[in-house]
Every structure is written in C-alpha cells, then in structure tokens.
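Just below is one structure, and these are the notes that go with it.
Please treat every number below as a calculation from the coordinates, not as lab data. Computed from a prediction, not measured in an experiment: that's the story for all the values here. Note that we place each Cβ from the backbone using ideal geometry, even for glycine, and neighbour counts take in every protein chain shown.
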Amino acid sequence: RKKVILDVDTGVDDALAIMLAVTSGQLDILGITTVSGNVSLDQATENTCKILQLLGVSAGIPVYRGASKPLRREEHFEHRVHGKDGLGGALADMTVSKQAEAEAAADFMIRQVMEHSGEVTLIMTAPLTNLAEALAKCPELIDHTAEVIVMGGVVKGFGNITPTAEYNMYVDPEAAKQVLAAGFKRLTLVGLDVTRQALLSEQDIARLNHPVIAEYVETSTADYRQRYFERNGVQACALHDPLAVGVALNRDFVTVQDFYVDVETRSELCDGQTVCDFQNRLNRPQNVSVCLEVDAPAFLDCFIHSLNQEPKK
Ligand code: BDR
Ligand code: CA
C-alpha cells in the first residue's frame with residue numbers, strides 16, 4: 001500500500017477526502033496533519049478527530065497539529081461555505097475523545113519522509129503552510145518525497161475566492177510559491193479545472209449504502225451543495241479534496257501535462273493566482289504536473305464504492 005500523509009484544514013470536502021482515503025483500503029495513512037484554513041487550526045484538528053472517530057479508525061491514525069496562521073498573512077476562514085464548525089453541523093453532538101499528538105505537523109512530515117525515503121506521498125488539501133515550514137527546516141525533503149499531490153489552483157478557469165485565485169493558493173500564496181518552486185521530483189496540481197468536474201449530486205448520494213456514512217454525507221454536504229448551486233447553477237458540489245486522494249489512488253483518473261507554474265504574491269487583484277506557462281514563454285524548467293482532464297464518472301464510482309465499504313485501518 002502506498003504510504004501517504006494527508007494535510008488538511010478539515011472542512012466538508014477535506015472530511016470526504018479523509019473518508020475516501022480510509023475506506024479505499026489502498027493507502028497506508030501514516031498520519032494526518034492539520035492547518036488553519038477553512039476553519040481555525042483547533043477546529044480543523046477537532047473535525048479531523050471526529051471524522052476518524054466516525055469511521056472507527058481513530059486508534060490507528062495519528063493526528064498532528066500544524067500552523068495556526070499562514071506564513072505572512074491573516075487567516076481567511078470559509079464559514080459561509082463549510083458552516084460554522086466546518087462540517088456543515090453534521091457532527092455537532094459528537095464528543096471528541098481522540099487527541100492530537102504532541103509532535104508538530106512539520107516535524108512529523110520530515111520524520112516520516114526521511115525514515116521512508118522515496119516512499120511517502122504527501123496529499124495536500126489545504127493552504128500549504130505546513131509543507132513550507134517543513135521545507136524551511138529540512139530542504140532535503142524534496143529528494144526524499146515520492147510525490148506531492150496538491151489540491152489547489154486553477155490554470156484555465158476562474159477562481160473560487162477571488163476572480164483569479166483558488167482558495168488554498170490564495171490563503172497562503174507565499175507558502176504555495178515556495179512549495180511549487182522547491183524542486184520536488186513530482187508535484188501534481190489537482191486544481192479547479194478538474195475538481196469542478198468531479199461533482200457529487202443528490203443521485204450519487206443516494207448510491208451510498210453504509211448507514212452511518214450515507215447519513216453523514218447527506219447532512220454535512222446539504223448547505224455546501226446549496227452554496228455550490230448559488231455560485232455555479234449546478235445541483236451538486238465539487239469533490240475538490242477527494243479528487244486529490246483519487247489521484248493518489250489511481251492516476252488514470254486524470255490527464256496531466258508538465259508546465260512551469262508559479263503563484264502570484266504581489267498583486268492587488270491577482271494574489272494567489274496560479275500562473276501556468278502553457279507556451280513556455282518564460283523558458284523556465286517544468287516544475288508541476290498539471291491535471292487538465294478528469295474521468296469524472298470513473299472517479300465518482302471509486303468514491304461511492306469506497307465509501308460503501310466497512311472502514312478499517
Ligand atoms: C479548496 O478550498 C477549500 O475550501 C476546500 O476545502 C478545498 O481544499 C477548494 O478550492
Ligand atoms: Ca481543504
């Protein structure tokens with residue numbers, strides 16, 4: 001099984017990404033690291049613990065707290081999209097018994113990547129603050145990480161937080177810029193170009209048959225789907241973060257092409273924009289494998305099939 005670390009700011013779709021990673025049974029989840037993003041670091045950590053408890057795997061998957069703020073900017077929570085608690089209120093009554101470990105997220109990443117050199121895939125579904133911190137402490141990470149899969153950015157379409165920027169890139173653009181420029185052997189960008197095609201509809205939810213999981217998905221995504229409808233006119237919601245896990249599970253879900261990609265950090269209108277040099281006008285080395293197309297039905301089948309399995313660690 002592929003060794004992975006998930007880095008999350010657990011809102012509604014991060015939670016679904018964790019669920020896919022666990023229920024697929026195909027990933028060895030070394031741990032989950034949390035960061036400030038959709039919600040505060042405390043809330044993201046609590047939500048992550050709750051999801052692991054719901055899945056009954058909280059004993060087997062450790063959680064590590066990371067950065068409580070972006071590198072240089074203030075937080076930018078997304079309560080309007082993910083709800084006050086980040087999970088659409090779905091687990092409001094659950095008591096949290098699981099606690100995060102004492103080790104910091106960046107240290108955990110470094111330790112695991114160095115211990116299992118060449119074997120660990122980092123699946124990042126949040127602002128990239130934790131990985132930027134890890135790189136600052138241990139630049140050699142780039143040679144020892146198997147792959148970094150980032151849910152973030154948009155290369156052809158429009159943004160979802162500003163006209164040009166995707167949320168994870170926008171919240172900590174300095175961190176994103178550092179991670180993209182670091183020189184990882186393989187860095188795959190799963191951006192809005194593809195995640196906006198990976199849509200979860202009411203009909204898909206009706207295919208879920210695990211009683212606990214089906215009810216959770218229905219409840220937690222209710223407002224999230226409504227928000228998506230208001231913005232996009234589609235009765236569904238995008239599985240942004242789960243698709244990053246999907247790419248780790250099966251790269252054939254997407255079509256990728258390598259380009260030079262950078263992140264804007266000094267613009268009034270375009271901060272956080274991912275700039276993809278399609279025609280190699282800057283003549284810089286390609287640093288990112290960009291997902292340009294997705295086989296959405298195949299990914300959706302995998303998502304539904306996995307969530308219908310009994311979770312085990
Ligand atoms: C990304 O932004 C967050 O709100 C989601 O959790 C996802 O990681 C989508 O742009
Ligand atoms: Ca996220």
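So the values come out like this:
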| quantity | calculated |
| --- | --- |
| Residue in the stretch 220-232 that is within 16 Å of ligand 2 (Cβ to nearest atom), among the aromatic types (Phe, Trp, Tyr) and touching a residue at least 40 places away in the same chain (Cβ under 8 Å) present | yes |
| Unmet criterion (only one of (1) more than 24 Å from ARG65 (Cβ to Cβ); (2) touching a helix residue (DSSP H, G or I) at 6+ places or on another chain (Cβ under 9 Å)) for LEU180 | (2) |
| Boolean, THR129 is in contact (Cβ under 8 Å) with a residue 60 or more places away in the chain, of a type outside the set (A, V, I, L, M) and touching a Leu at 6+ places or on another chain (Cβ under 8 Å) | yes |
| The stretch 65-91 residues that are over 15 Å from ASP13 (Cβ atoms) and free of Cβ contacts under 8 Å to residues at least 60 places away in the same chain, paired with ones that are of a type in the set (A, V, I, L, M) and not in a loop (DSSP other than H, G, I, E, B) (beta carbon under 7 Å, 6 or more apart) | ARG65/LEU41; ARG65/ALA105; SER68/LEU41 |
| Matching strands (runs of 3 or more DSSP E) fully within the stretch 225-293 where at least 1 residues are of a type outside the set (Lys, Arg), away from ligand 1 (no atom under 16 Å from the Cβ) and over 16 Å from ASP13 (Cα atoms) | 254-259, 261-263, 274-276 |
| Complete set of residues in the stretch 32-56 that are under 15 Å from ASP14 (Cβ atoms), in contact (Cβ under 8 Å) with a residue 40 or more places away in the chain and not hydrophobic (A, V, I, L, M, F, W, C) | THR33, THR34, SER36, GLY37, ASN38, GLN43, THR45, GLU46, ASN47, THR48, LYS50 |
| All strands (runs of 3 or more DSSP E) inside the stretch 1-100 with 2 or more residues being within 28 Å of GLU147 (Cα to Cα) and aliphatic (A, V, I, L, M) | 2-8, 27-34 |
| Per-region count, the stretch 246-273, residues under 28 Å from MET19 (Cα atoms) and touching a Gly at 6+ places or on another chain (Cβ under 7 Å) | 1 |
| Selection count where residues are surrounded by fewer than 19 Cβ atoms within 10 Å (Cβ to Cβ), more than 22 Å from LEU27 (Cα to Cα) and charged (D, E, K, R), scope the stretch 112-169 | 3 |
